[in-house]
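Below is one structure, written out as structure tokens; comments come after it.
The values are calculated or read from the model by the stated rules, or taken from the named source; none is laboratory data. Values in this document were obtained by computation on a predicted structure and should not be read as measured data. We place every Cβ from the backbone using ideal geometry, glycine too, and count neighbours over all the protein chains shown. For accessibility, only protein heavy atoms count, side chains too; no ligands or nucleic acids. Shrake-Rupley method; radii C 1.70, N 1.55, O 1.52, S 1.80 Å.
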Amino acid sequence: MDSLSDALKAISVSTELIDEELSPHLDTLLAALLEKKEGVAGQVAASGILPTLAGALRKNGPLTATAALVVAEVARDASVRERCIEAGLVTALLPMLNSSDQDLLLHTGRAIGRICFENSAQQDLLVQKGVIPRLVTIMDQHPENDPLVNVCLLALCNLADMDSAREALAEVGVAEALTAQLRRAPDAERRHIILEVLGSLGESDVLKLQFVDSGVPQALSEMIRGLQGGSDPHDLCSIKIASNLIVSLLLGDESMQKCFGEGTGTVYQDVLSWLKSPNAQLQLSGALAIANFARNDSNCVRMLELGVVSHILDLLERHVIDGDVSVQHAGLSALRNLAIPEDAATVLGKDEVLLARVIEWCEARDHAGVRGEANRLLAALIRHSRAPEVINAVTEADGVRHLIAMATSEHVIMQNEALVALAIASAIDIESMQEPFREADLVPMLQKMLDDPVGAVEVKFSAIGLICSLANSGLLKEQMEALNLKESLSKLRGHSNSKLASQADTVLAVISGTS
């Protein structure tokens with residue numbers, strides 16, 4: 001420590017930055033810092049030599065690399081970082097990022113990264129000073145220098161949540177650099193840094209599309225393929241992050257279409273293989289990805305043509321008993337999305353095997369989420385197909401009672417979906433509907449909805465629409481008369497919601513036979 005004190009004193013009293021005089025003292029200082037003894041960085045900062053180090057950096061002479069390394073080691077200690085900023089070290093270091101010397105770039109990058117860590121004001125300044133394009137350029141110029149690439153990636157990781165950084169990155173082709181590094185990532189640590197950067201930047205719609213154009217989803221899929229089958233926890237973590245990231249990238253309509261590739265895209269093909277994987281995380285991501293691909297009508301029809309339903313059913317079969325509830329929920333959500341186009345809903349709604357399974361899931365007492373999603377799928381098949389053969393198939397499978405039960409759900413969206421499905425079914429085929437409706441006491445249930453003083457307006461509106469369809473059945477109309485449903489409708493004619501009041505008035509006229 002005596003030699004350290006002597007070196008600090010010698011540097012602090014130096015009036016001119018003479019390289020030959022400073023060099024041995026900087027070496028002594030560096031040796032002490034590399035021993036990583038507690039308190040050394042604080043002693044350096046307290047000695048007042050930080051401005052001298054800033055001056056040595058600005059001089060850009062033979063001592064520049066050593067000075068940058070000294071600063072990088074000093075800045076390991078969080079307690080001295082503010083004094084490093086006050087001494088002007090960040091502004092002195094920034095020009096060093098334009099060097100062609102890879103060692104100097106490494107020391108400079110580490111020094112800046114440590115000083116500015118978790119300092120939003122300094123990080124914003126770095127972006128304003130143009131550090132973003134420089135980081136990407138360094139990765140492009142020295143892709144094989146792993147320590148240097150790591151420094152750049154860590155810097156991007158720290159900056160990636162900033163809007164200004166994302167805007168800058170969108171202009172400099174960061175997607176290509178990250179894709180190249182992902183494909184050559186030598187270990188789990190590097191993979192995780194890249195995945196974290198991709199995850200943060202992927203929240204930008206502009207960058208999301210750039211990632212797809214640059215092959216990021218394909219690179220992620222390749223990485224997952226290479227890691228599957230192992231049990232290493234780091235690899236399993238990479239698989240989870242990467243598959244979630246692909247699902248996220250598919251949220252953009254344009255990026256999703258590019259990955260789908262009319263059903264022949266490598267990403268879509270890989271997603272299908274995830275459904276068969278023994279890895280529950282990949283199964284879940286696969287089902288979620290299918291649901292994202294199914295946001296486009298033509299995609300739904302194409303996926304049905306390619307046999308996606310059998311893949312999803314096989315997946316769900318594996319989780320019928322003691323299975324993963326999140327996988328079941330995601331699989332049913334994917335089927336519901338697939339059922340949105342009329343043609344697709346008709347195909348699915350006539351599938352006896354699928355319907356039988358859906359009815360089973362509608363009775364999954366232990367898992368409310370799975371039960372709810374199965375009911376929503378059942379309603380969607382009718383709502384989107386509006387096909388007599390689908391309504392007949394659902395009735396034959398004993399699905400009507402589940403839709404009636406769904407109409408009493410605590411969730412307004414589920415109530416509405418059920419009521420609309422029942423209205424469509426009764427409008428198309430009231431004959432086959434009236435007996436299940438009577439047995440389930442549907443009319444008294446609807447009257448209770450109309451009379452509920454705190455019931456949601458949209459639920460009352462949908463209930464009135466269903467009542468209008470039921471009026472075509474003599475049996476059910478008699479029941480309405482016996483319950484004096486007209487009085488309930490009359491009360492709603494004065495409702496504050498003009499649309500609901502008008503609907504009640506119209507249906508009351510229909511029931512009364514005056515229109």
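Hey, could you check region 48-72 for residues that are part of a loop (DSSP other than H, G, I, E, B) and either touching a residue at least 60 places away in the same chain (Cβ under 8 Å) or open to solvent by 40 Å² or more (accessible area, probe 1.4 Å) (or both) and say which is nearest to Ala7 (Cα to Cα)?
So in region 48-72, the residues part of a loop (DSSP other than H, G, I, E, B) come out as 48-49, 60-63.
Within this subset, residues satisfying the condition of being either touching a residue at least 60 places away in the same chain (Cβ under 8 Å) or open to solvent by 40 Å² or more (accessible area, probe 1.4 Å) (or both) are 48, 60, 62.
Details: Gly48: 12, Asn60: 21, Pro62: 18 Å.
Result: Gly48.
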Candidates Lys208, Lys276, filtered to the one that is surrounded by fewer than 21 Cβ atoms within 10 Å (Cβ to Cβ) and charged (D, E, K, R): Lys276
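Being outside any helix (DSSP H, G or I), open to solvent by 70 Å² or more (accessible area, probe 1.4 Å) and within 20 Å of Ile467 (Cβ to Cβ), is that true of even one residue in region 373-395?
So in region 373-395, the residues outside any helix (DSSP H, G or I) come out as 386-387.
Next, only the ones that are open to solvent by 70 Å² or more (accessible area, probe 1.4 Å) stay: 386.
Subsequent filtering for residues that are within 20 Å of Ile467 (Cβ to Cβ) retains 386.
Checking region 373-395: at least one residue is outside any helix (DSSP H, G or I), open to solvent by 70 Å² or more (accessible area, probe 1.4 Å) and within 20 Å of Ile467 (Cβ to Cβ).
Those residues that are part of a helix (DSSP H, G or I) and free of Cβ contacts under 8 Å to residues at least 24 places away in the same chain, I need them from region 231-282; list them, please.
The first filter runs over region 231-282 and keeps only residues part of a helix (DSSP H, G or I), leaving 233-249, 253-263, 266-275, 280-282.
Correct list: Pro233, Gly261, Gln269, Ser273.
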Residue ID - modelled with the highest pLDDT, chosen from residues in region 1-42 that are surrounded by fewer than 12 Cβ atoms within 10 Å (Cβ to Cβ) and charged (D, E, K, R): Glu35
Conditions (1) touching a Leu at 6+ places or on another chain (Cβ under 9 Å); (2) of a type in the set (S, T, N, Q); (3) outside any helix (DSSP H, G or I): number failed by Asn472: (1)
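Each row is one residue, and each column tells you yes or no for (1) surrounded by 24 or more Cβ atoms within 10 Å (Cβ to Cβ); (2) under 19 Å from Lys208 (Cβ atoms).
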| residue | (1), (2) |
| --- | --- |
| Leu250 | yes, yes |
| Glu262 | no, no |
| Gln269 | no, no |
| Gly286 | yes, no |
| Arg295 | no, yes |
Pairs, first small (Gly, Ala, Ser) in region 398-422, second assigned to a loop (DSSP other than H, G, I, E, B), C-beta under 6 Å, six or more apart: Ala418/Ala407
In region 432-458, residue nearest to the chain's Cα centre (by Cα) [restricted to those that are of a type in the set (Val, Ile, Thr) and assigned to a helix (DSSP H, G or I)]: Val457
Cβ pairs under 7 Å, 6+ apart, first in region 172-183 and among the acidic types (Asp, Glu), second open to solvent by 10 Å² or more (accessible area, probe 1.4 Å) and modelled with pLDDT of 90 or more: Glu176/Ser214
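Could you tell me whether region 226-244 includes any residue that is within 14 Å of the chain's Cα centre (by Cα), crowded, with 22+ Cβ neighbours inside 10 Å and farther than 23 Å from Ala287 by Cβ?
Residues of region 226-244 that are within 14 Å of the chain's Cα centre (by Cα), as a first pass: 240-244.
Subset that is crowded, with 22+ Cβ neighbours inside 10 Å: 242-243.
This time we only want the ones that are farther than 23 Å from Ala287 by Cβ, so: none.
No, because not a single residue in region 226-244 is within 14 Å of the chain's Cα centre (by Cα), crowded, with 22+ Cβ neighbours inside 10 Å and farther than 23 Å from Ala287 by Cβ.
Residues being within 10 Å of the chain's Cα centre (by Cα) and either more than 18 Å from Ala291 (Cβ to Cβ) or of a type outside the set (Val, Ile, Thr) (or both): count how many of those fall in region 245-266. Reasoning before the result, please.
Within region 245-266, the subset within 10 Å of the chain's Cα centre (by Cα) is 245-251.
Pick out the ones that are also either more than 18 Å from Ala291 (Cβ to Cβ) or of a type outside the set (Val, Ile, Thr) (or both) and you get 245, 248-251.
Matching residues across region 245-266 total 5.
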Condition check for Leu492: surrounded by 15 or more Cβ atoms within 10 Å (Cβ to Cβ) and under 22 Å from Ile413 (Cα atoms): yes
Helices (runs of 4 or more DSSP H) enclosed by region 1-46 - at least 1 residues per element that are over 18 Å from Leu63 (Cβ atoms), over 54 Å from the mean Cα position of the chain (by Cα) and among the small types (Gly, Ala, Ser): 2-12
Close pairs (6 angstrom Cβ cut-off, 6 or more residues apart or separate chains): buried (at least 21 other Cβ atoms within 10 Å of the Cβ) in region 143-168, charged (D, E, K, R) anywhere: Val151/Arg110
Residue in region 174-186 that is closer than 24 Å to Ile239 by Cα and in contact with a Gly (Cβ under 7 Å, 6 or more places away or on another chain) present: yes
Total residues in region 307-335, condition more than 20 Å from Gly372 (Cβ to Cβ) and either hydroxyl-bearing (Ser, Thr, Tyr) or crowded, with 16+ Cβ neighbours inside 10 Å (or both): 5
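Taking the residues in region 399-433 that are acidic (Asp, Glu) and over 19 Å from Ser333 (Cα atoms) as candidates, determine which candidate is surrounded by the most Cβ atoms within 10 Å (Cβ to Cβ). I'd like the intermediate steps shown before the answer.
Let us first name the residues in region 399-433 that are acidic (Asp, Glu), namely 410, 417, 429, 431.
When the remaining residues are screened for being over 19 Å from Ser333 (Cα atoms), the result is 410, 429, 431.
On the way: Glu410: 6, Asp429: 14, Glu431: 9.
Filtering first and then ranking leaves Asp429.
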Yes/no for Ser3 being touching a helix residue (DSSP H, G or I) at 6+ places or on another chain (Cβ under 7 Å), free of Cβ contacts under 8 Å to residues at least 40 places away in the same chain and not charged (D, E, K, R): yes
Those residues of region 495-515 which are open to solvent by 50 Å² or more (accessible area, probe 1.4 Å) and small (Gly, Ala, Ser), in sequence order: Ser496, Ser498, Ser502, Ser512, Gly513, Ser515
